[in-house]
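Quick notes on the structure that follows.
The values are calculated or read from the model by the stated rules, or taken from the named source; none is laboratory data. Model, not experiment: these values are computed from the prediction. Neighbour counts run over all protein chains shown; Cβ positions are idealised from the backbone, glycine included. Just the protein is used for accessible areas: all its heavy atoms, side chains included, with ligands, DNA and RNA removed. Shrake-Rupley method; radii C 1.70, N 1.55, O 1.52, S 1.80 Å.
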Amino acid sequence: MLKLVIVEEEALLVKEVFDLFTEEGWGVTKIAKHMNEKSTTKEGGKWDNKTVRNVLTNPTYAGFNHFKADDWTDDQRIITPGTHPAIISKEQFDKAQNFRQRRKDGHMSRRSFDYPYSGIIKCGLCGATYAGNATVHGNKKYLSYRCLNQYSKGTCDAPSISENQLNKLIWNHIEVLEDGFQKPKAQVSRSKVNMKKELEISQKRRRNWMMALGDGNLSGEDYAALIDEEDARIKKLQMESPPEPEQTIQLSEVREAFRNLKNNWDLVDSATQKQVIQSLFRKITIKKSDGWHIVDMLTV
């Protein structure tokens with residue numbers, strides 16, 4: 001029987017790829033560029049996006065055996081516990097798959113953690129996404145967001161907006177919205193799992209973690225880990241249950257959590273800011289007409 005043996009030099013590269021993706025929030029392009037500056041792949045070739053994705057999606061590194069015929073989809077892949085030692089933990093492997101799915105679904109930007117609102121802000125004129133942009137004046141870095149159709153195609157007249165303006169716009173909008181906004185419609189579930197109750201529990205957990213983060217009782221790293229675990233738990237329950245209403249965090253809870261963070265927002269690192277934004281919102285549509293205003297705001 002073929003026995004898998006860890007090659008320490010290659011194992012270190014695998015660990016670094018996973019750490020950059022799950023802990024630093026880097027995208028596959030940035031990881032490939034970084035890895036090419038210090039190493040080659042195990043076959044001696046160059047790192048590219050496909051190589052990085054192959055590493056991130058290989059269950060072997062988490063201690064599993066797997067098989068997929070050429071004409072099978074990834075969902076048909078057979079995965080069984082292996083007897084070989086794992087290079088990374090199952091938790092980190094699952095976290096990487098969760099990140100990839102959220103980016104694929106548009107709930108998380110494919111960019112790294114430089115821009116907290118990337119992938120979330122939409123243009124109220126053309127519907128395109130607002131992408132992050134950075135400019136440097138002296139020793140200070142200024143972040144802003146601009147409509148993709150405006151700067152890449154020239155088909156939209158929407159102006160750009162600074163991150164400071166965006167923060168104030170969202171804070172103020174949350175304060176004036178009514179608590180009943182986006183209340184999900186009740187549906188009868190045929191599952192033994194009470195998804196309505198589970199979603200209520202999830203909302204309370206997220207609110208408590210957000211408040212703990214704002215009070216300084218929870219680190220950004222611990223907050224991100226808790227959010228990832230909760231996302232995975234809810235996703236698993238939803239896969240085992242009939243379709244339910246999309247998870248919706250009541251804006252009264254969002255408002256309470258943001259009040260705790262508002263005064264210290266600038267002190268929170270950009271990675272944690274992005275975790276907060278993308279764990280609360282699916283989409284925020286903005287438009288400028290006699291001043292900026294929010295057209296639509298959808299929570300997760």
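Give me the net charge for the shell around CYS156: Cβ to Cβ below 13 angstrom, other residues only, Lys and Arg +1, Asp and Glu -1. It would help to have the intermediate numbers written out before the result.
Details: positive: LYS122, ARG146, LYS153, LYS287, LYS288; negative: ASP157.
Local charge sum for CYS156: +4.
May I ask you to compute the full-extension gain from SER162 to LEU4, defined as 0.36 nm times their residue separation minus their alpha-carbon distance, rounded to one decimal in nm?
Working: separation 158, 0.36 × 158 = 56.88 nm, distance 5.18 nm.
So the extension gain works out to 51.7 nm.
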How big is the accessible area of THR155 in square angstrom, nearest 10, if you roll a 1.4 angstrom probe over the protein chains? 100
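At a Förster distance of 45 Å, what's the computed FRET efficiency of VAL295 paired with LYS68, Cβ-Cβ distance as r, to 0.05?
Working: r = 44 Å, r/R0 = 0.97.
Efficiency computed from Cβ-Cβ geometry: 0.55.
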Near LYS168, within a Cβ-to-Cβ distance under 13 Å, what is the net charge of the other residues, with Lys and Arg +1 and Asp and Glu -1? -2
As a test of reading the structure, rank SER289, SER118 by solvent-accessible area (1.4 Å probe, protein chains only), most first. SER289, SER118
Three principal axis extents, largest first, for the C-alpha atoms of segment 16-71, in Å? 33, 26, 20
For segment 11-161, state what percent of all Cα-Cα pairs lands in each successive 10 Å bin, counting from 0 Å until the bin that includes the largest distance. 10, 30, 30, 19, 9, 1
